[in-house]
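Beneath this line is the structure, given in structure tokens, with notes to follow.
The values are calculated or read from the model by the stated rules, or taken from the named source; none is laboratory data. As the structure is a prediction and not an experimental result, all values here were calculated from the model. Neighbour counts are summed over all protein chains in view; Cβ atoms, including those assigned to glycine, are modelled from backbone coordinates with ideal geometry. Just so you know, the surface numbers come from the protein's heavy atoms only, side chains and all, with ligands and any DNA or RNA stripped out. Shrake-Rupley method; radii C 1.70, N 1.55, O 1.52, S 1.80 Å.
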Amino acid sequence: MPHAPPWTASRFAEHLRTLDRYAEKPSYALFLGAGCSISSDIPAAESLVRDRWLPRLHREKAPASDFGGWVDTEYPEHKEKGFGGCYRTVINDLFPHVADRQREIESLCDGKIPGFGYAVLSHLIADRERNFKVVLTTNFDDLMADALYVFTDTKPLVISHESLIHFDTPTTAKPLIVKVSGDLRFFPKNTEEEIKGLKRDMADRIKSLIADRTLVFIGYGGHDPGVNEMLTTIRRGEHSLPIYWISRSEPECGLREWLDEHEAIWVKSDEEKGFDKLALLIKEKFGIPDPDEKRFQKVFDQYADTLLALKESVDDIPEANPEGEELKAAVAQASKSIPEWMFLAWAAGKLKKSDPARADALYQEALSFNSEKAALLGDYAVFLHKVRLNYDRAEEFYQKALKADPNHAHHLGDYAAFLDDIRQDHNRAEEFYRKALNADPNHANILGKYAFFLANIRQDHDRAEELYQKALKADPSHTNNLGNYAVFLADIRRDYDRAEEFYQKALKADPNHANNLGNYAEFLLVIRDDEKGALAYAVRMEEAAKAGAEPTLLVASLLTHLLAPTTRTLAAIRGLLAKGVRNKTWSLATVVSWLRKNEAQGADFVEALIKVVNDRAPLDSLDAWPEWKKAR
């Protein structure tokens, strides 16, 4: 270490980035000391002893004496080791009992949040393409684990006590944090006696963890005898990879000789906020993104959504229920925390089917409170698209929602479906399906919609099946995906047994899903030649569709009429058609083929009726048919 000038932090960050460009990236073990937590308002050992503990101890033991003289007399070693070197002795003198030491450490760490440096490290550690998967720390705080929870989707495995060391296997998905000196909740090791030696299992496992990893010390003073004893048993032949010592000064501790033997590189950090400044350089070199505040907003939105659902459930409790009044008072109090716009949007959602005009007014009132909320803009776009059928305004609000949050997977997927179904712009639809899956690769609903698109628009059946299977792995009970995959298996793969298996899974997941009931009825009729079974499911579809969209009810009534013709069902169809209801997507061509194959009576009239239902012929084209005249 003394044979070459120290590296700058900038050189170290650039060197890391250079190595990161190789196909086979190095693996790292980060050894974090107390210097990393200073910017999170947890004092380093030097200031903790000098400014907090020694003044307290002086007031207890010799308040009348001169403070400086007393310190020099009682703890003369501070002149050589610094106040940090007196940490073990002073904490034992001030807090002789282990429980008091634990309370003191807890008070120092409670309520602290990870700062800038930890945020940057969390992204490096969470990145599955990079190998920063092992963190060793002598710190009692939870800042490294908290940073991973707060700033990333990665949850680390934390070894907070030596008894857990045998569970320490890091993976690409689950990094490992080993708290060498214990955790603030499990009698942290502080005194000379407590830290003089690591248990053999812990020492052996740490040695094996760092054996094939580049070791990077950051903010560590090297004053832990047990850690030093363990490290100094690792000879040069047992660890031949680089070691970096990142500190504002050269190591003056029991590790110096060992570091020299291993030709460790000293990286000189800045005197003030050195950890954060190093992290800033790493952030710039690696292109690490800023924290996404929307990630935090989702937590509060989820809380509010859950509370609104709870309010709906509580509001439905009968007055006779003895707990009803208390629950309603409690939910009313809790609901005061929910923003006004969210209440209005929730109320609009409740009315969108029964009173669309009132729902529209409530959505607009909600937007007057918050016109930049992506969730609200996206919900209103879907309402305009699917309920109001106002496609130009729907597109306007889809675009506003995506401007507010360009990476909102759900809105990207909804807009893709809009472009596909309404605009028939298949190239842009595919572009937005892909954007949606980039934002959330395991979003079951979007995977299923894109699979349907690939199967029916692109005819890319192998890729479609791959996505159907991925969607069902993400959510095995997703009713739409189960039903659409059943149709795919029947119509494309001609695998009728598996198709029926998935129809049954879909209807088990939701016995009242009108589309799946209708598709299964059609399957039973055309493939299984089971008229009785088909009629039973067609009747169930008709009942289920009465609470849903009229185009689906039109097909349900038509299916029921084909299988059991009555003047009533035909009159219901006539009434819907007279209102302008049509269903362009449900062709029923296979049903017509089945009718003709079986020489069913009235097949010509059925085909003419289906053409009107599909909006391929005008309503008055049915006037010449006697059956139609009778249905007035």
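The loop-placed trypsin sites (Lys or Arg not before Pro) in the stretch 1-102, going by DSSP, that have at most 10 neighbouring Cβ atoms within 10 Å of their Cβ come out as Arg21. Extent along the principal axes, Cα only, for the stretch 344-428: 36, 24, 17 Å, with the longest axis given first. Heavy-atom surface analysis with a 1.4 Å probe gives the stretch 1-46 a carbon and sulfur content of 56 percent of its accessible area.
Using equal-weight Cα scatterers in the Debye expression, the normalised intensity of the stretch 254-341 in log10 at q = 0.10, 0.11, 0.17, 0.20 Å⁻¹ is -0.58, -0.61, -0.88, -1.00. Database remark: amide H of Lys133 closer than 5 angstrom to the amide H of Tyr28 (H placed geometrically; neighbours at sequence offset of 5 or more, or on other chains; Pro and chain starts carry no H). Other residues within the sphere of radius under 15 Å centred on the Cβ of Asp66, judged by their own Cβ, net out at 0 (K and R +1, D and E -1).
Whole-Hz Karplus values for the stretch 219-224 come out as x, 9, x, x, 9, 9 Hz, taken residue by residue from phi with 6.51 cos²θ - 1.76 cosθ + 1.60 and θ = phi - 60°; glycine and proline positions read x. Here the stretch 1-128 is treated as a sphere whose radius is the Kirkwood value from Cα pairs; by Stokes-Einstein at 20 °C and 1.002 mPa s it diffuses with a coefficient of 118 µm²/s. Projected onto their three principal axes, the Cα atoms of the stretch 234-390 cover extents of 78, 46, 32 Å, largest first. Among the trypsin sites (Lys or Arg not before Pro) in the stretch 283-347, none sits in a DSSP loop with a Cβ that has at most 15 other Cβ atoms within 10 Å.
Projected over all directions and averaged, the alpha-carbon convex hull of the stretch 435-587 occupies 9.4 nm². Average accessible surface for the stretch 428-541: 48 Å² per residue, computed with a 1.4 Å probe over protein heavy atoms with every protein chain in place. Taking amide hydrogens as placed 1.01 Å from N in the peptide plane, the amide H of Trp266 sits under 5 Å from those of Trp7, Trp245, each at least 5 positions away in sequence or on another chain.
What the phi angles of the stretch 50-67 give under the Karplus curve with 6.51, -1.76 and 1.60, with θ = phi - 60°, is a coupling list of 5, 9, 10, 7, 5, x, 5, 5, 5, 5, 6, 9, 8, x, 7, 7, 5, 4 Hz, glycine and proline written as x. Spin-label model, Ser208 to Asp100: label points 7 Å out along the Cα-to-beta-carbon direction sit 4.1 nm apart. When you filter the trypsin sites (Lys or Arg not before Pro) in the stretch 216-256 for DSSP loop state and at most 13 other Cβ atoms inside 10 Å of their Cβ, you are left with Arg235, Arg236, Arg248.
Report the one residue of Asn481, Pro242, Ser10 whose Cα lies farthest in the direction of the positive end of the charge dipole of the chain (charges on C-beta: Lys and Arg +1, Asp and Glu -1; origin at the Cα centre). Towards the positive end, the residue furthest out is Asn481.
Note that the stretch 271-276 has calculated 3J(HN,Hα) couplings of 4, 10, 6, x, 4, 5 Hz, one per residue in order, obtained from phi through the Karplus relation 6.51 cos²θ - 1.76 cosθ + 1.60 (θ = phi - 60°); glycine and proline are x.
The Cβ shell under 10 Å around Thr232 holds other residues with a net charge of -2, Lys and Arg each +1, Asp and Glu each -1. Axis angle, to the nearest 10 degrees, between helix 116-126 and the longest C-alpha principal axis of the chain: 60 degrees. When Rg and the Kirkwood Rh are both derived from Cα coordinates, the Rg/Rh ratio for the chain amounts to 1.13.
Compared with the dominant principal axis of the Cα atoms in the chain, helix 603-613 is inclined by about 50°. Relative to the longest principal axis of the Cα atoms of the chain, helix 409-421 runs at roughly 30 degrees.
Split the accessible area of the stretch 430-502 by element, probe 1.4 Å, and carbon with sulfur accounts for 42%.
Remark on the stretch 576-625: Rg and Dmax equal 11.2, 33 Å (Cα only).
Counting only GluC sites (Glu not before Pro) that DSSP places in a loop and that have at most 16 other Cβ atoms within 10 Å, the longest clean stretch of the chain runs over 373-598.
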